[in-house]
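Student: Structure incoming, see below.
The numbers here are math on the coordinates, done by the rules we state, and not lab data. If you're wondering where the values come from, they're calculated on a predicted model, not measured in any experiment. Because the Cβ atoms are built from the backbone with ideal geometry, glycine has one as well, and the counts that use them run over all protein chains shown.
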Amino acid sequence: MTSHPKIILLTLGEELLLGLTPNGHLTYVGDQLRQAGVTLHANATISDAPADILEYFHLLWERADVMITTGGLGPTVDDRTKEIIAEYLNEELVYDEAIMQAIEDRFAMLRLNITKNNNKQAYRFANSEVLANPNGTAPGLWLETAGKILVMLPGPPHELQPMFQEKVLPRLLEKGIVQDRENYIQIRTTGIGESSLETMLQPMAKRESGLELAYCAHPGMVDFRMSFPGEENPHERFLKLASECKEMLGENFLTLGNESLVEIVSNLLRHKDLSLATAESCTGGYISNEITNLAGSSDFFVGGLATYSIDAKEDFLDVPEQLIQEFTAVSEEVATAMASGVAKRLRADYAISATGYIGPGGGTEKAPVGTVYIGLHTPNGATAKRFHFRGPRIAQKRRVLNAAMDMLRRELVKG
């Protein structure tokens with residue numbers, strides 16, 4: 001095996017190619033390997049057709065040091081991955097009584113009748129190790145042959161993910177293929193574009209020998225990763241550069257790692273023992289939903305009101321009718337009143353509001369589609385800012401969320 005092993009992922013399933021199911025296996029395995037200090041070399045997603053399995057396994061096996069396959073280990077007629085690969089590798093398939101007993105025990109526990117086709121799941125490569133599956137009937141397999149490693153995992157995520165974390169990663173670590181830490185650092189920024197960020201970091205990139213930078217833009221944020229490929233222990237250099245970047249970026253620095261803006265703000269509110277409320281029009285509760293997706297958000301989040309109609313703004317947020325008539329519901333004045341109204345109604349220290357046109361219809365000459373006003377109430381008063389976003393509705397909601405969280409974050413870090 002090479003000093004920098006190539007790990008390749010082969011994901012199987014018609015449902016992935018048809019777009020019926022997102023390829024979460026690629027995201028999950030890639031992320032787990034990243035956290036273990038290595039990068040997935042390649043991924044291919046193919047159908048369950050025997051010819052495709054044979055063709056792509058041959059193609060990728062020739063290039064891989066470690067090959068991971070997902071799917072095709074079930075009991076049905078289209079689950080043929082194990083048989084096809086066994087024939088290609090000239091590996092004998094043997095019936096394993098222990099696997100069959102585990103399958104029977106699971107059916108008994110669930111009070112289900114076992115069917116004859118489940119027997120095929122009890123076969124394994126003669127030279128393989130079995131990766132137990134406490135969450136399903138298809139065990140995984142670990143095979144070392146011809147100086148390579150083959151890992152075969154079941155398709156369902158609730159089966160694959162614990163198996164990968166508990167059975168596969170420890171074996172890879174033991175063999176020195178992965179590490180117990182990342183081999184790069186990531187810095188998350190906001191308030192600065194990708195091209196401006198690259199320009200800012202160019203002097204550092206030229207100064208630091210071996211430094212590689214990579215960028216990834218998200219709605220309202222840009223991440224950049226710093227790595228020193230081939231350097232055994234760059235930890236001290238990482239710490240020094242991270243400190244330099246934090247000072248250089250100022251308020252545009254968010255975090256080391258991939259904490260979301262919602263997580264960052266929630267930690268600030270908890271630390272300061274402050275409360276938050278939301279008043280949403282165009283986002284329809286999206287902001288409060290993202291906040292409450294965090295465990296423990298009740299520590300700081302009082303509640304939120306989705307006041308989509310004008311009547312709701314007037315009735316529940318006490319926005320004056322005259323204010324809406326004079327400035328329209330999509331305005332700086334109304335966004336400010338919404339934030340103050342919900343803060344008063346729910347007795348919160350801070351409040352954020354959002355009102356706008358996120359399309360595809362609506363909008364005016366003064367406030368075209370994409371115009372959003374975000375209000376912020378603080379103990380020292382209330383204000384609002386105008387933004388213009390583009391994209392599908394859900395993407396715009398995400399941008400509104402991040403912009404609102406960033407407004408609040410900047411206010412909280414002042415004190």
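Student: Ordered by residue, what ³J(HN,Hα) values in Hz, to whole numbers, does region 251-261 give under the Karplus form 6.51 cos²θ - 1.76 cosθ + 1.60, where θ = phi - 60° and Gly and Pro are x?
Tutor: Along region 251-261, the couplings run 5, 7, 7, 9, 6, 8, x, 10, 4, 7, 4 Hz.
Student: Relative contact order (percent) for the chain, with alpha-carbon contacts under 8 angstrom and 6 or more residues of separation?
Tutor: 10
Student: Ok, one more. If the convex hull of the alpha-carbon atoms of region 184-256 is projected onto planes in all directions, what is the mean projected area in square nanometres?
Tutor: It is 4.4 nm².
Student: On to the next question. Okay, helix-only estimate at 222 nm for the chain: each DSSP H run of n ≥ 4 adds -39500 (n - 2.57), divide by all residues, round to 500 deg cm²/dmol; what do you get?
Tutor: -12000 deg cm²/dmol
Student: I need the phi-derived Karplus couplings for region 270-279: 6.51 cos²θ - 1.76 cosθ + 1.60, θ = phi - 60°, integer Hz, Gly and Pro marked x.
Tutor: Each residue's phi maps through the Karplus curve to give 4, 4, 8, 6, 10, 10, 9, 10, 10, 10 Hz.
Student: Over 38 Å apart: what share of the alpha carbon pairs of the chain falls there, rounded to a whole percent?
Tutor: The proportion of pairs with Cα distances above 38 Å equals 42 percent.
Student: Could you size up the charge dipole of region 25-89 around its Cα centre, putting +1 on the beta carbon of Lys and Arg and -1 on that of Asp and Glu, and report it in debye to the nearest 20?
Tutor: On the way: 4 positive and 10 negative charges, 54 e Å.
The dipole magnitude comes to about 260 debye.
Student: Run the numbers for A146 and L17: contour at 0.36 nm per residue of separation, minus the present Cα-Cα distance, in nm. The partial results should precede the final answer.
Tutor: Numbers: separation 129, 0.36 × 129 = 46.44 nm, distance 3.11 nm.
Gain in length upon complete extension: 43.3 nm.
Student: Once phi is turned into θ = phi - 60°, what whole-Hz ³J(HN,Hα) does the Karplus curve with 6.51, -1.76 and 1.60 give for every residue of region 111-123, x standing for Gly and Pro?
Tutor: Whole-Hz 3J(HN,Hα) from phi for region 111-123: 6, 10, 7, 6, 10, 4, 5, 5, 4, 5, 6, 8, 8.
Student: Something else now. Give the lysines reachable from K385 as a straight Cα distance under 25 Å; neighbours fewer than 8 places away on the same chain don't count.
Tutor: Result set, ordered by chain and number: K272, K313, K344, K366, K397, K414.
Student: So what's the Cα pair-distance distribution over region 83-145, bin width 5 Å, in %?
Tutor: Per 5 Å bin, starting at zero, the Cα-Cα P(r) for region 83-145 comes out as 4, 18, 29, 23, 14, 8, 4, 1 percent.
Student: Another question about this same structure. What GluC sites (Glu not before Pro) does region 11-111 have in DSSP loop regions with at most 14 other beta carbons within 10 Å? Write down the numbers at each step before the final one.
Tutor: Working: sites: E14, E15, E55, E62, E83, E87, E91, E92, E97, E104; in loops: E62, E91, E92.
For GluC sites (Glu not before Pro) across region 11-111 that sit outside H, G, I, E and B with at most 14 neighbouring Cβ atoms in 10 Å, the list reads E62, E92.
Student: Given the alpha-carbon gyration tensor of region 276-328, what are the semi-axes of its equivalent ellipsoid in whole angstrom, ordered largest first, with each equal to the square root of 5 times an eigenvalue?
Tutor: 26, 11, 7
Student: Moving on to the next point. What do you get for the angle between helix 194-207 and the principal long axis of the chain? Use alpha-carbon atoms, 0 to 90 degrees, nearest ten.
Tutor: Helix 194-207 sits roughly 60 degrees off the main axis of the chain.
Student: Then there's this: Using the scaling law 2.2 N^0.38 Å as the reference, what is the normalised Cα Rg of region 7-174?
Tutor: Compactness ratio reported: 0.99.
Student: Further, regarding this structure: What is the set of long-range amide H partners of T255 at a cut-off below 5 Å, with H atoms built 1.01 Å from backbone N?
Tutor: Under 5 Å from the amide H of T255: R188.
Student: Also: For region 367-415, run through the trypsin sites (Lys or Arg not before Pro) and keep only the ones in DSSP coil with at most 13 other Cβ atoms within 10 Å of their Cβ.
Tutor: On the way: sites: K385, R386, R390, R393, K397, R398, R399, R409, R410, K414; in loops: R390, K414.
Of the trypsin sites (Lys or Arg not before Pro), the ones in loops of region 367-415 whose Cβ has at most 13 other Cβ atoms within 10 Å are R390, K414.
Student: Next question. Give me the base-10 log of I(q)/I(0) for region 261-412 at each q in 0.08, 0.10, 0.15, 0.19 Å⁻¹, Debye formula, one uniform scatterer per Cα, rounded to two decimals.
Tutor: Here the Debye-derived log intensity ratios amount to -0.19, -0.30, -0.67, -1.09.
Student: Dipole size in debye (nearest 20) for region 261-412 around its Cα centre, Lys and Arg Cβ +1, Asp and Glu Cβ -1?
Tutor: Charge dipole of region 261-412: 520 debye, to the nearest 20.
Student: Using the Cα centre as the reference, give the magnitude of the dipole from point charges on the C-beta atoms of the chain (Lys, Arg: +1; Asp, Glu: -1; all else neutral), rounded to the nearest 20 debye. Display every interim value, and only then the final one.
Tutor: Numbers: 39 positive and 54 negative charges, 180 e Å.
I would put it at about 860 debye.
Student: Then there's this: Please compute the Kirkwood hydrodynamic radius of region 1-85 from all pairs of different C-alpha atoms, in Å with one decimal.
Tutor: When all Cα pairs of region 1-85 are included, the Kirkwood radius is 13.5 Å.
Student: L16: net charge of surrounding residues, Cβ under 13 Å, Lys/Arg +1, Asp/Glu -1, itself excluded?
Tutor: On the way: positive: none; negative: E14, E15, D48, D52.
Cβ neighbours under 13 Å give a net charge of -4.
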